[in-house]
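Enquirer: Can you keep this structure in mind? I'll have questions shortly.
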Amino acid sequence: MVTVSYDGQSLIIDGRRIWLVSGSIHYARIPRDLWRRRIRAARQAGLNCIDTSVCWNLHEPTRKKFNFKGDADLAAFIKLVGEEGMYCILRPGPFIDAHWDGGGLPDWLALAEGVRMRESNGPFLEASARFLGAVMDQVKSLQVTSSKRGPIVLMQAEHQWCCRYPNPNPGRIPDYLREITRYLRENGCAVPVLMSNNLWQSVDTTIDTWSGQDHLAADLRQLRVVRPESPRLVIGYRSGTCDHWGEKSRPNRDPAQVEVDLGMILASGAQYNLEPFHGGTNLGFTAGRSVGVDDPAMNMSDATAEAVGSGFSDNGASGSWFVTTSYDCGAPLSEGGGRGATYDAVKRISTFANEFGEVFAHLDPDPTHVTIMPSGDHPVSVFHQRGAQGQVVFLMKAEGDRTRDVEMLLQNGLTIPVSFGRDRLAWLLLESNLGGVAELTYTNLRPWAWIGKRMLVLFGPSGTKGLVCINGAVLPVTVPSGQKPVVQSFEDITIAVLNEAQVDAAERLDDGLIVGGAGLDDEDKPLPRAGWSSMAQISSDGGVRHRKIAPVRKGTSPRLTQWSVASTTPWRAGAAKQFKKISEPSSFAELAGVEGYGWFRFNLESAGREKVLFPACADRIHLFGEHERAAVLGVGPGAADDPANLNIEGSTVALVDNLGRFSQGWSLGERKGLWGHGYAVKTLRLARAKVVDSEIPDLGAVGGFFLGLDFARQGPAQALVWKFKPSGRNPIVLDIKDLAHRALVLVNREPIGMVDPLYTGGRARFLLEVGAQITGGQNELRLSLFDEYDGAALHPSRLRMFQCTANLTDGAPWAYAPWTIPPASAFEPIGTAPDTAPRWFRSTFAAVDAPRPLWLDLTGMSKGQIFINGHNAGRYFLTTSTGKKVGPQQRYYLPESWLRTDEANDLVLFDEHGRSPKRCRLLQTDQQST
């Protein structure tokens, strides 16, 4: 049996050290037919490992009914990783975050009585054990320890469990992580287990990893001090972040900074995982809801509204943060499979780390020299490491530093010139073993690849005078300009010298190198690179063949045919035969299997002069009376979150929209749908809050895990107290929005929930019923803060109470109808009269000759859903009902594997506001959407 162990530097498989150069690819965000292509792109970028997360709600959408087929075939994906000669890091959860709906947790979990997410809670652990057992049944034979020697070398238990209690802790806190680890072990996990908590919590016999982008040198040195027995691994390095509806795209890290960051990780003796290498697409209704920042507990110790700046949307969508359909994230490999802005930078440094992994894996982890941090106004920083297989030197410039050349003094007193060119990072190998064939004594060029134990590939700025010392003999070379590489034989080794443009156009083969390519196709044939007139193929024995490259021809984008339309009038009128009676208002989870949208029918009494509020609804509700829209209530751009005046009564239909459940934070397990009644309400005015000294709240009654809370470091605290009295026996709605403090909410000293400017999305709403949470007399509302009140006046819009005066929807039976695509027979030609009601649109386009990434430009549309040949390609959201722009996504990816080559393609759109699709168009390109 193969054994896997580790020490302070690397993993060890059957006595052989390995060095991981990894990137995340989420198989759940990619159609199955494209899996291999994305994995191969990672291998061509120099990676030797794929990290992937297992989405619980994908594989167990219904309790105890598992799905591991088709696009959910986890084992098939991992086998492809192995077939491409790569390792795999598996993250089976049960929680994964990844901006995925619910962080991967299925919605039916919240229906279990007494369940608490992500802690030592009976119902949650029971379900987690069952799920992890099912996952391990799929993958245990795919571990490197199995007789078939599969690709899985590491597994991660849970994800970013960042919460700390003082000692002695309540017992349930570390127990949860131990239990998850135990479930993996008992179900056959035979490889090392990772923790990704940035040392918030640790579990014995596991490897603590790090996540982050900043302060890497200092953080990784500190990690070495506290965990000297484990290899250092940055499991979550992000070069960019995802977008959110209604928010501006946040800037991604530029390629030069990414190269420096990865160089910093390697210079610290650590391995890395790019998260993600390829983000993919939030197909269907899989997009989640984030809390406004990536890895908040990792990057923000004091989660306040001020900490996220104007993190609350300027379009009135307070605390929304619903993730867009595109999950490009500025990743090296873009959403459609094209090379993103950072691909070449990642390829340069990753190929080096992979090809010379033996040197890195054998570095001495203990000695750590003193150096100058590469920031501020100072010269170049030097990081020098030694080991049994050679020495590695990294040279880094601070951002803005204009140094182009430096002189390096070697141990033997020799000086060699090193040129940065326009880069901020350079690296050298000294006295390094070239696979037992020769020694690379030194070079002032950057080593890139060692191919077939015969070819050494180096690169540097054009015109650089290079020195290559093999076995003590020196070869002077000049880095070429233009597109033709320099190839020489020296000391029985083929030396290929490339400039920076050439190395970015270089593709490794098993026994050689191609210069002038843009990757390899599915048959390992080189793809031509735009702007290159010829391609050079260099064999490891030094032979060079040149051939001209035909100009890259742009494909012709298909044209959409005439559009047809299908009405939703029967549903808006409540007359569709699909409506079935339900006993009461229900969440989507209670209705079982509902995703995205759902139609509800009920009777709405008149509210008179008072406003109407649906306190138990998420996320958005379109209300129709006599099939005409009366309002859009809820969160997000274009929806009213406050009580509204409604000019409808009688039979009413609601189209309810689930925009995505929180993928992180304190509100996991939130309900979606319409699970409560509508009320006539009036504002209940509160007196000014009384500020009293208090103790840090005891959260045992509401939960045991709160992301980002460090109870051991909490200081003095205060509480805000109000007195209130209901009118009659009707309930009260408590609405908290954009509060700048985190607090435990108590009513009559009983906790009812938590609110936080970051981790609950900045808002919370509670229905307080007489005889349950409140009495008919005097009541107390208390916000028990986790710090001292800042003394600022609490704006009335931050905390409000609404007195319910009447239940408007309990006078007649409720009914529900699923939201489904109409049959082809329901579509007819589009009329000339404008229509603002929800409508379905259908068009076709001709069969494609060779499937390539296709993008749909939805100019002129509002908000809705895209279907291509029956596949749900995701949500779009361009404008509100009034035409106000939402964005930031304008174009939408139609995966090439879903396109037909033998018959016409079928495109269907659902638009909430019935906008005409006549300005929509198709664009065929490999590049990232905008």
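Enquirer: Kindly report the accessible area of the stretch 49-136 per residue (heavy atoms of protein chains, probe 1.4 Å, no ligands, DNA or RNA), in Å².
Expert: With all protein chains present, the stretch 49-136 gives 30 Å² per residue.
Enquirer: Please compare each pair in 79/140; 347/548; 682/725 to a cut-off of 18 Å on the Cα-Cα distance and tell me which ones are over it.
Expert: In this structure, 347/548 exceed 18 Å between Cα atoms.
Enquirer: Let me ask something else. In whole angstrom, note down how far apart the Cα centers of the stretch 319-363 and the stretch 252-289 are.
Expert: A separation of 5 Å, based on Cα centres.
Enquirer: Where does each of 647-659, 331-343 land if you order them by average Cβ count within 10 Å, highest first?
Expert: Those peptides, ordered most packed to least, come out 331-343, 647-659.
Enquirer: Sticking with this structure for a sec: At a probe radius of 1.4 Å, what is the per-residue accessible area of residue 840, in Å² to the nearest 10?
Expert: Accessible area, nearest 10 Å²: 10 Å².
Enquirer: Collect residues whose amide H, placed 1.01 Å from N in the peptide plane, falls under 5 Å from the amide H of residue 86; neighbours closer than 5 in sequence don't count.
Expert: none
Enquirer: Over the stretch 381-424, average the accessible area per residue using a 1.4 Å probe and give it in Å², no decimals.
Expert: 51 Å²
Enquirer: Moving on. Extension gain residue 685-residue 66, at 0.36 nm per residue separation less the Cα-Cα distance, in nm?
Expert: Once the chain is fully extended between residue 685 and residue 66, it gains 217.8 nm.
Enquirer: Ok, one more. Using DSSP to call loops (not H, G, I, E or B), can you name the trypsin sites (Lys or Arg not before Pro) in the stretch 725-812 whose Cβ has at most 13 other Cβ atoms within 10 angstrom?
Expert: Within the stretch 725-812, the qualifying trypsin sites (Lys or Arg not before Pro) (loop, at most 13 other Cβ atoms within 10 Å) are 729, 749.
Enquirer: Applying the Karplus parametrisation 6.51 cos²θ - 1.76 cosθ + 1.60 with θ = phi - 60° to the phi angles of the stretch 611-624, what ³J(HN,Hα) value in whole Hz is obtained for each residue in order, glycine and proline being reported as x?
Expert: Values, residue by residue: 8, 10, 9, 10, x, 10, 8, 7, 9, 9, 9, 8, 9, 10 Hz.
Enquirer: Would you kindly find the accessible area of residue 30, with a 1.4 Å probe and non-protein molecules such as ligands, DNA and RNA excluded, rounding to the nearest 10 Å²?
Expert: Accessible surface of residue 30 is approximately 10 Å².
Enquirer: Relative contact order, percent, of the stretch 658-728 when contacts are C-alpha pairs under 8 Å separated by at least 6 residues?
Expert: That works out to 36 percent.
Enquirer: Taking the Cα centre of the chain as the origin and placing charges on Cβ (Lys, Arg +1; Asp, Glu -1), which of 156, 881, 223 is farthest toward the positive end of the dipole?
Expert: 881
Enquirer: A follow-up question, please. Once you have the Cα-Cα distance between residue 573 and residue 225, take 0.36 nm times their residue separation minus that, and quote the gain in nm to one decimal.
Expert: On the way: separation 348, 0.36 × 348 = 125.28 nm, distance 6.74 nm.
Fully extending the segment from residue 573 to residue 225 adds 118.5 nm.
Enquirer: Please give, to one decimal in nm, the separation of the simple spin-label points placed at residue 130 and residue 795, each 7 Å out from Cα toward the Cβ.
Expert: Spacing of the two 7 Å Cα→Cβ label points: 4.6 nm.
Enquirer: On to the next question. Starting from the amide H of residue 915, placed 1.01 Å from N in the peptide plane, find each other amide H under 5 Å away whose residue is 5 or more places distant or on another chain.
Expert: Sorted by chain and number, the residues that satisfy this are 862.
Enquirer: Which order do 232, 386 take when ranked by solvent-accessible area (1.4 Å probe, heavy atoms of all protein chains), largest first?
Expert: Most to least solvent-accessible, the answer reads 386, 232.
Enquirer: May I pose another question? Measuring from centroid to centroid over Cα atoms, what is the spacing of the stretch 68-98 and the stretch 422-489 in Å?
Expert: 37 Å
Enquirer: I'd like the distance separating the alpha-carbon centroids of the stretch 126-167 and the stretch 835-911, in whole Å.
Expert: When both Cα centres are located, 37 Å separates them.
Enquirer: Work out from phi, with θ = phi - 60° and the Karplus expression 6.51 cos²θ - 1.76 cosθ + 1.60, the ³J(HN,Hα) of each residue of the stretch 228-234, listed in order in whole Hz, and give x for Gly and Pro.
Expert: In residue order, the calculated couplings are x, 7, 10, x, 8, 9, 8 Hz.
Enquirer: I want the local charge near residue 5. Using Cβ-Cβ distances under 13 Å, sum +1 for each Lys or Arg and -1 for each Asp or Glu among the other residues.
Expert: Net of charged neighbours comes to -1.
Enquirer: Can you say what percent of the DSSP beta bridges in the stretch 685-802, counting only those with both residues inside, are antiparallel? Round to 5. Walk me through the intermediate numbers first.
Expert: Working: 31 of 32 bridges.
Rounded to the nearest five, the antiparallel share is 95 percent.
Enquirer: Show me, for the stretch 424-438, the HN-Hα J-couplings you get by feeding each phi into the Karplus relation (A = 6.51, B = -1.76, C = 1.60, θ = phi - 60°), rounded to Hz, glycine and proline as x.
Expert: 9, 10, 9, 9, 9, 10, 10, 6, 9, 6, 9, x, x, 8, 7
Enquirer: Using 0.36 nm times the number of residues separating residue 723 and residue 384, minus their current alpha carbon distance, what extension gain do you get?
Expert: Here the segment from residue 723 to residue 384 would lengthen by 115.5 nm.
Enquirer: Something else now. Would you list 355, 523, 500 from the most to the least accessible area, probe 1.4 Å?
Expert: Most to least solvent-accessible, the answer reads 523, 355, 500.
Enquirer: Amide H to amide H under 5 Å from residue 486: which residues, 5+ apart in sequence or cross-chain, H placed 1.01 Å off N in plane?
Expert: It is 497, by chain and number.
The values are calculated or read from the model by the stated rules, or taken from the named source; none is laboratory data. Note that this is a predicted model, so its numbers are computed, not measured. Don't worry about glycine lacking a Cβ; one is built from the backbone with ideal geometry, like all the others, and counts go over all protein chains shown. With ligands, DNA and RNA removed, areas are computed over all heavy atoms of the protein, side chains included. Shrake-Rupley method; radii C 1.70, N 1.55, O 1.52, S 1.80 Å.
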